[in-house]
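The values are calculated or read from the model by the stated rules, or taken from the named source; none is laboratory data. Note that the coordinates shown come from a computational prediction; the quantities given were computed from them, not determined experimentally. Cβ coordinates were reconstructed from backbone atoms using ideal geometry, including for glycine residues, and neighbour counts include every protein chain displayed.
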Amino acid sequence: MAGSGFSGHQKKRHSSPAAASSGGAKRLRGGIRQRLRAAGAYVPASYEEGIATTTDDDDDDFVPRGGELPPSDADTRTKAVSPNSRLGRKLLELFCWGDMSPQLLQSLAEAARQDIHSTLQEHGEEPTSSTSQCLRDITQLASIGSYGKFSNKCYSDLMRRVEPNIAVAETYKTKLHFANPAGEHTQEVLLPHELFASMFEHENEAFFRNVASDEGTRTKFWDRMRSHSHPAWENHPLLHRNIKKAIPISVHGDEVPIAGIGKQWSKKLVNVSWASLLGKTETKSTQFWSMGLVEKTDVKNGPYATMRNLWKILAWSFTALWSGLWPLTDHEGNRLGLHGEERCGDQMPGMLGLDEVMNEGSPEDNLAACWRFIREYYRMHQTAVRFRSMSRLTMFVRKTGGPKLRGKAGELRYFGEVLLALWTTYCSNELELHKKITLLLKSNVFMERKLTETKGQTSMEDEDADELNQACSDMLVLQSDLARHFAEHGKLYFTLTSKAHQLQHVWAFVGEDLQQKVQRLASMSLKGNVGPYAVNKMLRRYRLALSMIWRDQRTNA
């Protein structure tokens with residue numbers, strides 16, 4: 001997808017990204033909460049039980065039970081999103097990316113608080129939060145769940161403090177039908193057009209670094225698209241438009257295991273993210289997660305099919321991003337309520353390989369021999385990301401369908417050369433069929449090497465691109481021929497899937513790097529939650545994570 005653009009009036013507070021052709025449209029008016037926040041007004045959070053109280057030696061950090069911090073302490077609440085304390089920042093970062101539970105965060109913060117108290121007392125200082133900003137920040141984290149007394153309240157207390165100050169678009173909430181738990185449930189989605197707009201308006205530095213880049217980079221990208229015939233560019237709506245400010249967007253969908261990883265009964269999460277093809281910073285900053293759906297919880301067919309309705313929401317959001325205008329209706333065509341009505345019509349801101357080696361001996365013995373070879377290859381070549389074990393046939397053989405090896409994106413990325421070395425060790429060079437398989441594996445390795453060599457480039461040079469296209473075509477022709485051969489013998493080897501077709505047409509090889517981060521975040525959020533509620537919890541943490549990243553980029557600009 002391409003063509004989301006932005007306006008050039010960066011210095012005006014209400015200036016905004018818009019499609020290249022939308023010229024004189026009105027400027028964005030943000031949501032009520034965002035506009036109050038931008039004006040410096042205090043925006044209270046809704047009341048939740050379990051807000052932290054204090055101990056006798058922390059009078060300066062007292063928070064009324066039931067309560068909100070007074071408006072005069074708004075700065076303290078803002079620092080909860082990005083505390084001055086390096087330890088506080090690291091604890092929050094680990095929490096929001098799913099690497100740490102709120103209970104562990106609280107206990108570590110409390111231990112740090114006590115150490116700071118002891119150090120201050122040893123030097124004759126009174127251990128109050130006014131003595132040290134770091135102490136105040138750490139105390140804010142240590143005090144959640146009434147200083148750990150109510151561990152089940154740690155999460156709600158922490159989110160209650162940080163969420164009101166997150167300058168990231170709020171999630172879109174809609175009712176969808178689910179099979180488990182059965183019935184209608186609220187599903188949240190982080191809409192692309194909402195995130196795009198809020199990033200431009202509130203985090204301009206992050207917007208240009210992660211999404212828009214500079215005019216020279218955009219011009220170079222589109223000039224290359226126009227001068228090199230690419231299937232995605234034929235009859236494209238942008239072909240005859242001024243696209244100096246247009247931003248090329250890619251969308252990535254995938255499944256990632258989130259529970260029972262490596263087991264037959266593993267549970268997976270279908271997730272979708274988007275990215276600008278111009279972003280060159282780290283994955284966390286440039287890949288934007290939009291929605292997720294836990295496996296086996298959705299309604300599969302009919303008008304209430306869950307996944308179809310989620311795609312409907314994303315298509316609606318990307319359409320709004322393309323137009324550059326806030327949508328007049330929701331994804332169902334109903335006029336938007338109070339949250340969106342004030343903005344209606346206004347301009348918006350800113351391959352798994354299939355192979356089976358057949359040797360003498362039992363399948364288990366052959367697998368053990370292959371695994372010994374793989375481990376030795378890993379050791380000799382210092383492979384960066386490795387499979388930890390291949391000790392069971394269930395890693396390949398499924399109850400239905402042909403054999404296939406599942407693994408993490410990194411494990412599979414570095415497995416191509418291992419598989420080629422393993423195959424050439426055991427294959428027969430006199431069999432035409434084996435020669436075809438060897439050529440297929442060599443083409444696969446060549447493509448991976450070429451992508452690695454050109455990592456970080458906006459686009460490949462002509463020679464590199466031609467070589468990649470030729471290798472891809474060769475590999476797919478060989479795979480098709482091999483699949484047809486084995487199908488005639490009743491074997492589902494080298495089966496062609498939709499990914500084989502997409503490989504030759506998808507021209508943005510980004511998105512996989514985000515999967516590991518989504519996996520950790522989902523695994524932590526799944527505890528005590530089911531289906532859509534786990535996804536909603538993921539989004540709360542993810543918004544906090546984005547807010548911290550953007551604040552760092554603004555600070556270090």
Name, by its number, the condition in (1) closer than 29 Å to residue 213 by Cβ; (2) hydrophobic (A, V, I, L, M, F, W, C); (3) not assigned by TED's automatic domain parsing to the domain that holds residue 248 that does not hold for residue 475.
(1)
Might you let me know whether the stretch 304-327 holds any residue that is at positive phi and crowded, with 20+ Cβ neighbours inside 10 Å?
yes
Out of all the residues in the stretch 360-385, which are more than 18 Å from residue 425 (Cβ to Cβ) and either acidic (Asp, Glu) or surrounded by 16 or more Cβ atoms within 10 Å (Cβ to Cβ) (or both)?
364
Please enumerate the residues belonging to the stretch 418-435 that are of a type outside the set (A, V, I, L, M), surrounded by fewer than 17 Cβ atoms within 10 Å (Cβ to Cβ) and either modelled with pLDDT of 90 or more or in a helix (DSSP H, G or I) (or both).
424, 425, 426, 432, 434, 435
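The rows are residues; the columns are (1) modelled with pLDDT of 85 or more; (2) crowded, with 17+ Cβ neighbours inside 10 Å.
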position	(1), (2)
460	no, yes
485	yes, no
527	no, no
531	no, yes
544	yes, yes
When you look at residue 170, is it farther than 29 Å from residue 313 by Cβ, buried (at least 18 other Cβ atoms within 10 Å of the Cβ) and not assigned by TED's automatic domain parsing to the domain that holds residue 330, yes or no?
no
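Looking at this structure, is residue 282 over 26 Å from residue 554 (Cα atoms), surrounded by fewer than 17 Cβ atoms within 10 Å (Cβ to Cβ) and assigned by TED's automatic domain parsing to the domain that holds residue 548?
Numbers: over 26 Å from residue 554 (Cα atoms): no; surrounded by fewer than 17 Cβ atoms within 10 Å (Cβ to Cβ): yes; assigned by TED's automatic domain parsing to the domain that holds residue 548: yes.
In short, no.
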Close pairs from the stretch 359-388: first farther than 19 Å from residue 417 by Cβ, partner surrounded by 12 or more Cβ atoms within 10 Å (Cβ to Cβ) and among the β-branched types (Val, Ile, Thr), Cβ under 8 Å, at least 6 apart:
366/357
Is it the case that residue 444 is closer than 23 Å to residue 222 by Cα, at pLDDT 85 or above and more than 24 Å from the chain's Cα centre (by Cα)?
no
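For every residue, the table says whether it meets (1) in contact with a Phe, Trp or Tyr (Cβ under 7 Å, 6 or more places away or on another chain); (2) of a type in the set (Gly, Ala, Ser); (3) over 27 Å from residue 310 (Cα atoms); (4) modelled with pLDDT of 80 or more.
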residue	(1), (2), (3), (4)
218	no, no, yes, yes
244	no, no, yes, no
249	yes, no, no, yes
257	no, no, no, yes
263	no, no, yes, no
269	no, no, no, yes
Whether any residue in the stretch 465-481 is in contact with a Lys or Arg (Cβ under 6 Å, 6 or more places away or on another chain) and either under 30 Å from residue 296 (Cα atoms) or at pLDDT 85 or above (or both) is what I want to check.
yes
A careful count of residues in the stretch 98-145 that are part of a loop (DSSP other than H, G, I, E, B) and surrounded by fewer than 21 Cβ atoms within 10 Å (Cβ to Cβ) gives 13
Qualifying residue in the stretch 155-175 (condition: more than 26 Å from residue 530 (Cβ to Cβ), touching a helix residue (DSSP H, G or I) at 6+ places or on another chain (Cβ under 9 Å) and among the aliphatic types (A, V, I, L, M)):
yes
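Could you grab me the full set of residues in the stretch 276-313 that are of a type in the set (Asp, Glu) and more than 21 Å from residue 168 (Cα to Cα)? Show your work before the answer.
Initially, the stretch 276-313 is screened for residues of a type in the set (Asp, Glu), giving 282, 295, 298.
If the condition is that a residue be of a type in the set (Asp, Glu) and more than 21 Å from residue 168 (Cα to Cα), then 295, 298 are the ones that fit.
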In the stretch 223-251, which residues are touching a strand residue (DSSP E or B) at 6+ places or on another chain (Cβ under 7 Å) and not in a loop (DSSP other than H, G, I, E, B)?
246, 247, 248, 249, 250, 251
